[in-house]
Amino acid sequence: MFCCIGEEHGIEKNFPDEEVDLAVLEPVLKEYRGIPGSLITVLQKAQDVYGYLPRRALYHIAREIGVKPAKVFGVATFYAQFRLKPVGKHLIMVCHGTACHVNGAELITSALCDELNIKDGETTADGLFTLQNVACLGCCSLAPVMMIDGEAYGKLTPDKARDVIRDIYRRETGK
Amino acid sequence: MKVVVGLGSCGIAAGGNKVLEAIQDEVRSRGISVDVQKAGCIGMCYLEPIIDVVDDEGNRTTYVRVTPEIVKEIFDNHIEKGKVLSEYTIAEDDRSYIDGQMRIALRNCGVIDPESIDEYIERDGYRALEKVLKEMTPEQVIEEMKISGLRGRGGAGFPTWFKWNAARSAQGSPKYVVCNADEGDPGAFMDRSVLEGDPHSVLEGMAIAGYAIGAEQGFIYVRAEYPLAIKRLEIAIEQARQKGFLGKDIMGAGFCFDVKIKAGAGAFVCGEETALIASLEGERGMPRLKPPFPAQKGYMGKPTNINNVETFANVPWIILKGGKAFAAIGTEKSKGTKVFALAGKVKKGGLVEVPMGLSLKDVIFKIGGGIKNDKKIKAVQLGGPSGGCIPESLLDTPVDYESIVKTGAIMGSGGMIVMDETTCMVDMARFFLDFTRKESCGKCTHCRLGTKRMLEILERICEGRGEESDLELLEELAVNVKGGSLCGLGQTAPNPVLTTLRYFRDEYEAHIKDKKCPAKQCKALIAYRIDAEKCRSCGLCARKCPVNTIRGSKGQPYEIIRENCTKCGTCLEVCRFGAVAVE
């Protein structure tokens, strides 16, 4: 899709346009169609279904619940929770709240970047890990903290953080 | 015999689930009858995982820093033979952590099983709701809140009764009660703890507010990053409905009230009332001009009362014990207690609830046990990205809304981050500006661009490229961002910069003039060096160095080749002989 001056839109240029099965969204749409103010909830459920928000699903949601695609994209890009790119099998969230910052969160992130050979926000080539710096996980007394797949790991050191990743990697690959 | 395991998010992060599994395994394999219960967070996060063993006479023994191995020993000795293992029990010294506090909002946290409504009811739960429904008019409820002097615990400290009264008098229906549980302030976690440890107190507080303002529907807007809090709230709401504390015709008094959970999607600005309402409506969370206040035009354009989690948790206590009892605690203008999330370089980090008016020093040293590794305290940060850094010289400041504001910080939601001499104050200011710059919703130009420009200046100072005129420029921008922003985020975003400039100007000047970081934190201004006298040539640093820039051989002191050093700090961390120095 091109805009009037012939350039591709940012969203369309930067995010993949993958074929997705839109039928799996139907139960969510059925529940919230016609309920005003439910766009965020619909997007959250859609993200649960796909693991991220595929471009085609956003257009589909816009059509189905009767709002403009601009609004759906607006909301989807406003909130930190929504991802427009697929994530790895394990999402690593490294807390960069105040307490973690003071206690060396930066060192944890750089150790993980080094271990996984990716930068903040990227996914490893094998699709196993996505690394994400987040604002605060609310476990400040255990700083520095990271959360992987909903489980929090506290009082980290760069080495401890590496070990956690290696453990998961071993479990996944048997290596 | 009963075993209670603390399973707040922090308890789980410290290994609480593994301890719970170990306990359940022991009970099963030994075939003994022991009641295993879950509780929320008692607030002593630094001692987690914590378990309580309660014998049949009701004697409670608290074990701290429990591991699955210790669980086995506890079963072998304490549970099977009645012999207390004093080496693992809580130290007398740590008891003062709890004894120095006054727990109102946290009265049930860590004490009851948050997934059991019966335990909440046993501790006078829902009796305050019964009292207002059967004995009080809505006006009397609001009057009681006025007597109590309770002020909003989310940050601004607006009198709660005033908001309730405004929503009650506002024209329009239906009306709504909203609980603001979008605790986005990095460094604050009391709302999470209350929701995880005592969700019913929040529901009861909301129902009382609903009765007072004439609302039948409540919303809890909670951060999606708090999955455990959401789960426990869902359980609590379902239980309250079953018992008839939520739903239609509550306690036969003809009052209807129900609560829905709305998960936020990760935007700090949604802690602001009008942005929160926009987000509840499914829009981008952008604030709008006030007035009209939410009490007049809120959710779906209807009168809406918004209070914070901790505020609601105080309400049942106030109704039961009376507004006067609450007003008897605290200072002239700040009544009751305040919960603080004590973290950073403090020995005993966790949640503390203290009477208003206690000094910062008492909170940090008497309750928090002082500074980690007995270093020197430099400052304490209050109020998160909207707050400021209070220097050591002002630690006698009492914690109440007015006194804190005088220092340039704000009470905020109660994050209290302690900083020692290794914390760089310029870097702290940079850290908070980085946060507000990312979280600015983009509506107001001054906030959107001003925070970005301020951040650029701070970054260049941290990188040793600061100029002398930068400080003036920072101050000018700070004033403009404050004045040119619509909501609290922009109006307070410059606070961390202004307070550090006010109290720690010498650190800024050291960065700019001497190109030195006194706290040795700013990477561009430091260098790592191995002290040849102390080096034992073990070679560990060289093996661990991610960029292989440490050279040496057995018998010779090692050396860092500076050109390639990324200053990651790994060598400093792994050296067991203290031979790595930063300069």
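Just the number, please: percent antiparallel of the DSSP beta bridges in chain B, rounded to the nearest 5. Here the antiparallel bridges make up roughly 55 percent for chain B. Computed on the Cα atoms alone, the convex hull of segment B:2-90 gives a volume of 82 cubic angstrom per residue.
Ellipticity at 222 nm from helices only: DSSP H runs of n ≥ 4 in chain A, each -39500 (n - 2.57), divided by the residue count, give -13000 deg cm²/dmol.
Of the residues B:Leu150, B:Ile70, B:Met425, the one whose Cα sits farthest towards the positive end of the charge dipole of the protein assembly as shown is B:Met425 (charges of +1 on Lys and Arg Cβ, -1 on Asp and Glu Cβ, taken about the Cα centre).
Between B:Ala253 and A:Ala23, the C-beta separation translates, for a Förster distance of 51 Å, into a calculated FRET efficiency of about 0.60. Diffusion coefficient of segment A:10-78 by Stokes-Einstein, Kirkwood radius over Cα pairs, 37 °C, 0.692 mPa s: 272 µm²/s.
Distances over 42 Å make up what percent of all Cα-Cα pairs in chain B? That fraction is 29 percent.
Treat segment B:390-505 as a sphere of radius equal to its Kirkwood radius over Cα pairs and apply Stokes-Einstein at 25 °C in a medium of 0.890 mPa s; give the translational diffusion coefficient in µm²/s, rounded to a whole number. Value of D from the Cα-based Kirkwood radius: 167 µm²/s. Across peptide A:88-101, the average count of Cβ atoms from other chains found within 10 Å of a residue's Cβ is 5. Selection among B:Thr337, B:Val405, B:Gly384 by position relative to the dipole of segment B:337-420 gives B:Gly384 as farthest towards the positive end (Cβ unit charges, Cα centre).
Looking at the protein assembly as shown alone, DSSP beta bridges between its own residues are antiparallel in about 55 percent of cases.
Dividing the convex hull volume of the alpha-carbon atoms in the protein assembly as shown by its residue count gives 191 Å³ per residue. Summing Cβ point charges (Lys, Arg +1; Asp, Glu -1) relative to the Cα centre of chain B gives a dipole of roughly 1200 debye. Mean per-residue shielding of peptide B:424-430 is 1, counting Cβ atoms of other chains within 10 Å of each Cβ.
Per-residue ellipticity at 222 nm, computed for chain B from helices alone with -39500 (n - 2.57) per DSSP H run of at least four residues, works out to -11000 deg cm²/dmol.
Compactness of segment B:117-327 is given as radius of gyration and Dmax, 15.6, 45 Å, from Cα positions. Ordering of B:455-467, B:419-431 by packing is B:419-431, B:455-467, highest average first (other Cβ atoms within 10 Å, averaged per residue). Take the Cα coordinates of segment B:536-583, assign each an equal point scatterer, and use the Debye formula without solvent to give log10 I(q)/I(0) at q = 0.15, 0.23, 0.32 Å⁻¹. These q points yield log10 I(q)/I(0) values of -0.32, -0.78, -1.50. Each principal axis of the Cα atoms in segment A:92-175 has its own extent, and those three values, largest first, are 35, 21, 20 angstrom.
Total buried accessible area between B and A, probe 1.4 Å, nearest 100: 3500 Å².
The residues of the protein assembly as shown expose, per residue, 41 Å² of accessible area to a 1.4 Å probe. Packing order of peptides B:509-520, B:215-226, highest average first: B:215-226, B:509-520 (average count of other Cβ atoms within 10 Å over each peptide's residues). Taking the alpha carbon gyration tensor of segment B:480-537, multiplying each eigenvalue by 5 and rooting it gives semi-axes of 38, 13, 9 Å, largest first.
Of the accessible area of the protein assembly as shown, computed with a 1.4 Å probe over protein heavy atoms only, carbon and sulfur atoms account for 50 percent. For segment B:130-211, report the % of Cα-Cα distances exceeding 20 Å. The proportion of pairs with Cα distances above 20 Å equals 40 percent. Per residue of B:268-275, other chain Cβ atoms within 10 Å of the residue Cβ number 1 on average.
The values are calculated or read from the model by the stated rules, or taken from the named source; none is laboratory data. None of these values were measured; they are calculated from a predicted model. Glycine also receives a Cβ, built like all others from the backbone with ideal geometry; neighbour counts cover every protein chain displayed. With ligands, DNA and RNA removed, areas are computed over all heavy atoms of the protein, side chains included. Shrake-Rupley method; radii C 1.70, N 1.55, O 1.52, S 1.80 Å.
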